[in-house]
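**Q** Just dropping this structure here.
The values are calculated or read from the model by the stated rules, or taken from the named source; none is laboratory data. This structure is a prediction, so every number in the text was calculated from the model and none was measured. Quick reminder, even Gly has a Cβ in these numbers, built from the backbone with ideal geometry, and neighbours come from all protein chains shown.
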Amino acid sequence: MNRLDATRVLIAALAGEPVVASLGHPAYDLVAVRDRPANFYTWGSMGLASSIGLGLAMARPDARVFVVDGDGSLLMNLGSLATIGWVNPRNLVVIVWDNAAYATTGGQDTATAHGADLAAAAKAMGITAAAAVRDERELEAAIGRATASDGPWIIVAKVEESAPTAKPPLDCVFIKQRFMAAIGNPEPATSGTS
Amino acid sequence: MPDAPAWAAGVCAGLHAAGSRHVVYVPDNPLSHVLRVLGERYADVRTTVATREEEAFGIAAGLYLGGARPTVMLQSSGLGNSLNAITSLLVPYQIPALIVISMRGDAGEWNDAQVPMGRAVRPICDAIGVPHTTIDRADAAEDIVRLTGQSAFGTRTPGACLLARRMTVPSPAPSRERA
C-alpha cells in the first residue's frame, strides 16, 4: 500500500469531516486525492498536526476530527501522544502514514526504520485505541472502527512512498478561511458587520 | 492558602473579558497563581497542559480553527521552544492567540541561564511580528490583558503580554535601619 492509495481509502470513508494534514507529502497526497474545503493543509510547523487536531477536537466535540501525520513529524512531537492520552478526546483520529523515512526531504531513515514503534508509544501514553495496519483492507477496517466508536484513535499505517506531484493551495489564509467555513464555524472577519 | 496576588486575578479577568475560555500552558511558578485563580473562580475556562510550548501553540491553533479564542501561557524561556509554531503556523495563517509570558531574566533575576532569552524576548517578538506589552503593575493587568486579547482576536494576529518579574516575584527592599 502506498501513501496515495492509503489516502484514497481514508477520503472514501469520509463525508464532511475535517482533516488536518502534516506538511509535505501527507498534505500533497491529500490534495491529490481530493481538494476538500474541510482539508486543513499545513505548510510549516512540522510535528504539530496532531496538536492542531487535538485543539480542534476540543473546540468542536460535535465533529470527528481526522489528522494525517507522518512518522518523522510525529517523532518531532512525541509529547503530543502524552497530551492526547491525558485529554482523551473521544472525537480525534490520528492517522500516521509511516514510511520509515523523511521522504519530503530526500528519504533519510526515521527511527521507525530501526525499531521505533509509534502504535506502542501511543498505547504507552494511555491511548488504548491504537492500531498498526499494513494493507488497504486493514486500514479501511481500522477507519471504520474509528468512525463508529470512541477514541482517541491512533492508526499507524505502514506505507510505501508514492512520489506525489500535486501541492495544496499556497495561500495560508485562504486555506484557513475555507476550512473554518466548511466545518461550520466561519471566521468572524469573513462576514459582514453591523 | 493566602489570597491570590492582584496581578494574577487581573490576568484572569482580562483573558475572560477578551472571550477566552481555553488556556493552554506550560507552567512556571508565577503562572501557578493564575492557574489557581482560574480553577477557583472561572469554572467556564478549560485549562490544558502541553508538554512543550510549541505543542501549546499547535493546540491553540486547532482551538481557533474550531471557533474558540485560545490563550497560551508560558515562561519566557519557552518562547524559544515556540518559534517555529508561531512563525510558520500562527503568523502566516493569521491565527490569533492571546499570549501571556511570565518573564525571567529581567530585573531581579538570579539565574544566569534565564538571562539570554529573557533579554531576547522583546526583540524576538518584534522580529516575528508579535505585538507585546509589558505589565509591571497589578492594577494595569486586567486592562492590558483584555485589550491585548481584543486586538489579537480582532485583527487575527497573536499578541503577547509580558509579566515583569518584579511584579510577579515581589522582593521587598531591605530595611535601611540597622537591626
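**Q** Could you please let me know if B:Ala68 is surrounded by 17 or more Cβ atoms within 10 Å (Cβ to Cβ), more than 19 Å from A:Gly79 (Cβ to Cβ) and in contact with a helix residue (DSSP H, G or I) (Cβ under 7 Å, 6 or more places away or on another chain)?
**A** On the way: surrounded by 17 or more Cβ atoms within 10 Å (Cβ to Cβ): yes; more than 19 Å from A:Gly79 (Cβ to Cβ): yes; in contact with a helix residue (DSSP H, G or I) (Cβ under 7 Å, 6 or more places away or on another chain): yes.
Taking the combined requirement at face value, the residue satisfies it.
**Q** Moving to a separate point now. For residues that are more than 14 Å from the chain's Cα centre (by Cα) and not polar (S, T, N, Q), tally how many sit in region A:76-108.
**A** 15
**Q** Mind counting the residues in region B:140-167 that are touching a strand residue (DSSP E or B) at 6+ places or on another chain (Cβ under 6 Å), in contact (Cβ under 8 Å) with a residue 24 or more places away in the chain and assigned to a helix (DSSP H, G or I)?
**A** So the answer is 6.
**Q** Now for a different question. Enumerate the pairs (first residue in region B:20-48 and within 14 Å of another protein chain (Cβ to nearest Cβ); second residue anywhere and assigned to a helix (DSSP H, G or I) and β-branched (Val, Ile, Thr)) with beta-carbon separation below 9 Å, excluding pairs fewer than 6 apart on the same chain, so at least 6 apart or on different chains.
**A** Filtered contacts from region B:20-48: B:His22/B:Ile59; B:Val23/B:Val34; B:Val24/B:Ile59; B:Tyr25/B:Val34; B:Thr48/A:Thr83; B:Thr48/A:Val87; B:Thr48/B:Ile59.
**Q** Take A:Val67 and tell me if it is more than 8 Å from every other protein chain (Cβ to nearest Cβ), among the β-branched types (Val, Ile, Thr) and crowded, with 24+ Cβ neighbours inside 10 Å. If you could, list the steps in order and put the result at the bottom.
**A** Values: more than 8 Å from every other protein chain (Cβ to nearest Cβ): yes; among the β-branched types (Val, Ile, Thr): yes; crowded, with 24+ Cβ neighbours inside 10 Å: yes.
It is true that A:Val67 is more than 8 Å from every other protein chain (Cβ to nearest Cβ), among the β-branched types (Val, Ile, Thr) and crowded, with 24+ Cβ neighbours inside 10 Å.
**Q** Within region B:73-80, can one find any residue that is within 14 Å of chain A (Cβ to nearest Cβ) and closer than 21 Å to B:Thr148 by Cα? Outline the logic, then answer.
**A** Initial filter on region B:73-80 (within 14 Å of chain A (Cβ to nearest Cβ)): B:78.
Checking which are closer than 21 Å to B:Thr148 by Cα leaves us with B:78.
Yes - at least one qualifying residue is present in region B:73-80.
**Q** Return yes when A:Ala27 is hydrophobic (A, V, I, L, M, F, W, C), touching a residue at least 40 places away in the same chain (Cβ under 8 Å) and surrounded by 24 or more Cβ atoms within 10 Å (Cβ to Cβ) and no when it is not. If you could, list the steps in order and put the result at the bottom.
**A** Numbers: hydrophobic (A, V, I, L, M, F, W, C): yes; touching a residue at least 40 places away in the same chain (Cβ under 8 Å): yes; surrounded by 24 or more Cβ atoms within 10 Å (Cβ to Cβ): yes.
Considered against the rule, which asks whether it is hydrophobic (A, V, I, L, M, F, W, C), touching a residue at least 40 places away in the same chain (Cβ under 8 Å) and surrounded by 24 or more Cβ atoms within 10 Å (Cβ to Cβ), A:Ala27 comes out as yes.
**Q** For region A:85-94, does any single residue satisfy the condition of being facing chain B (nearest Cβ under 9 Å), surrounded by fewer than 20 Cβ atoms within 10 Å (Cβ to Cβ) and at negative phi?
**A** There is at least one residue in region A:85-94 that is facing chain B (nearest Cβ under 9 Å), surrounded by fewer than 20 Cβ atoms within 10 Å (Cβ to Cβ) and at negative phi.
**Q** Another question about this same structure. Could you grab me the full set of residues in region A:145-157 that are hydrophobic (A, V, I, L, M, F, W, C) and not in a helix (DSSP H, G or I)? Let's see the steps before the verdict.
**A** The initial filter retains those residues of region A:145-157 that are hydrophobic (A, V, I, L, M, F, W, C), namely A:146, A:148, A:153-157.
Listed by number, the residues that qualify are A:Trp153, A:Ile154, A:Ile155, A:Val156, A:Ala157.
**Q** Hey, does region B:97-120 have a residue that's within 14 Å of chain A (Cβ to nearest Cβ), within 18 Å of the chain's Cα centre (by Cα) and surrounded by 19 or more Cβ atoms within 10 Å (Cβ to Cβ)? Talk me through it step by step, then tell me what you get.
**A** Within region B:97-120, the first condition is being within 14 Å of chain A (Cβ to nearest Cβ), and the residues that meet it are B:97.
Subsequent filtering for residues that are within 18 Å of the chain's Cα centre (by Cα) retains B:97.
Cutting the leftovers down to surrounded by 19 or more Cβ atoms within 10 Å (Cβ to Cβ) gives us B:97.
Within region B:97-120, one or more residues are within 14 Å of chain A (Cβ to nearest Cβ), within 18 Å of the chain's Cα centre (by Cα) and surrounded by 19 or more Cβ atoms within 10 Å (Cβ to Cβ).
**Q** Only residues that are within 11 Å of B:Met73 (Cβ to Cβ) and either of a type in the set (Ser, Thr, Tyr) or over 15 Å from the mean Cα position of the chain (by Cα) (or both): list them for region B:12-57, please.
**A** Matches in region B:12-57: B:Ser20, B:Tyr25, B:Ser32, B:Thr47, B:Thr48.
**Q** Only one of these is assigned to a helix (DSSP H, G or I), more than 24 Å from A:Ala12 (Cβ to Cβ) and away from chain B (no Cβ under 14 Å): A:Ala82, A:Ala116, A:Ala122, A:Ala142. Name it.
**A** Numbers: A:Ala82 fails: away from chain B (no Cβ under 14 Å); A:Ala116 fails: assigned to a helix (DSSP H, G or I); A:Ala142 fails: more than 24 Å from A:Ala12 (Cβ to Cβ).
None of the other options fit; the residue is A:Ala122.
**Q** Does region A:168-186 contain at least one residue that is β-branched (Val, Ile, Thr), more than 14 Å from chain B (Cβ to nearest Cβ) and either outside any strand (DSSP E or B) or within 17 Å of A:Pro89 (Cα to Cα) (or both)?
**A** Looking only at region A:168-186, we keep the residues that are β-branched (Val, Ile, Thr), and these are A:173, A:175, A:183.
From what is left, the residues that are more than 14 Å from chain B (Cβ to nearest Cβ) are none.
The answer is no, given that none of the residues of region A:168-186 is β-branched (Val, Ile, Thr), more than 14 Å from chain B (Cβ to nearest Cβ) and either outside any strand (DSSP E or B) or within 17 Å of A:Pro89 (Cα to Cα) (or both).
**Q** Kindly check whether there is at least one residue in region A:42-53 that is at the interface with chain B (Cβ under 9 Å from one of its Cβ atoms), in a helix (DSSP H, G or I) and of a type outside the set (Gly, Ala, Ser). Before you say what the answer is, go through the steps one by one.
**A** Let us first name the residues in region A:42-53 that are at the interface with chain B (Cβ under 9 Å from one of its Cβ atoms), namely A:42-53.
So of that shortlist, the ones also in a helix (DSSP H, G or I) come out as A:49-53.
From what's left, of a type outside the set (Gly, Ala, Ser): A:52.
Checked against the condition, which is being at the interface with chain B (Cβ under 9 Å from one of its Cβ atoms), in a helix (DSSP H, G or I) and of a type outside the set (Gly, Ala, Ser), region A:42-53 yields at least one hit.
**Q** Check every one of the strands (runs of 3 or more DSSP E) wholly within region B:31-139 and list those with 3 or more residues that are touching a Ser or Thr at 6+ places or on another chain (Cβ under 8 Å). Full working, then the answer.
**A** Values: elements: B:46-49, B:70-75, B:98-102, B:132-135.
Passing ranges, in order: B:70-75, B:98-102.
**Q** Only one of these is β-branched (Val, Ile, Thr), modelled with pLDDT of 95 or more and under 19 Å from A:Met180 (Cβ atoms): B:Ile99, B:Ile95, B:Ile86, B:Ile124. Name it. Explain how you work it out, then say what you get.
**A** Values: B:Ile99 fails: under 19 Å from A:Met180 (Cβ atoms); B:Ile86 fails: under 19 Å from A:Met180 (Cβ atoms); B:Ile124 fails: under 19 Å from A:Met180 (Cβ atoms).
Being β-branched (Val, Ile, Thr), modelled with pLDDT of 95 or more and under 19 Å from A:Met180 (Cβ atoms) holds for just one of B:Ile99, B:Ile95, B:Ile86, B:Ile124, which is B:Ile95.
**Q** Using the structure shown, decide if B:Pro123 is away from chain A (no Cβ under 14 Å), surrounded by fewer than 21 Cβ atoms within 10 Å (Cβ to Cβ) and out of contact with any helix residue (DSSP H, G or I) (no Cβ under 9 Å at 6 or more places or on another chain).
**A** On the way: away from chain A (no Cβ under 14 Å): yes; surrounded by fewer than 21 Cβ atoms within 10 Å (Cβ to Cβ): yes; out of contact with any helix residue (DSSP H, G or I) (no Cβ under 9 Å at 6 or more places or on another chain): yes.
Against the criterion (away from chain A (no Cβ under 14 Å), surrounded by fewer than 21 Cβ atoms within 10 Å (Cβ to Cβ) and out of contact with any helix residue (DSSP H, G or I) (no Cβ under 9 Å at 6 or more places or on another chain)), B:Pro123 qualifies.
**Q** When the residues of region A:149-165 are narrowed to those that are modelled with pLDDT of 95 or more and of a type in the set (A, V, I, L, M), which ends up surrounded by the most Cβ atoms within 10 Å (Cβ to Cβ)?
**A** A:Ile154
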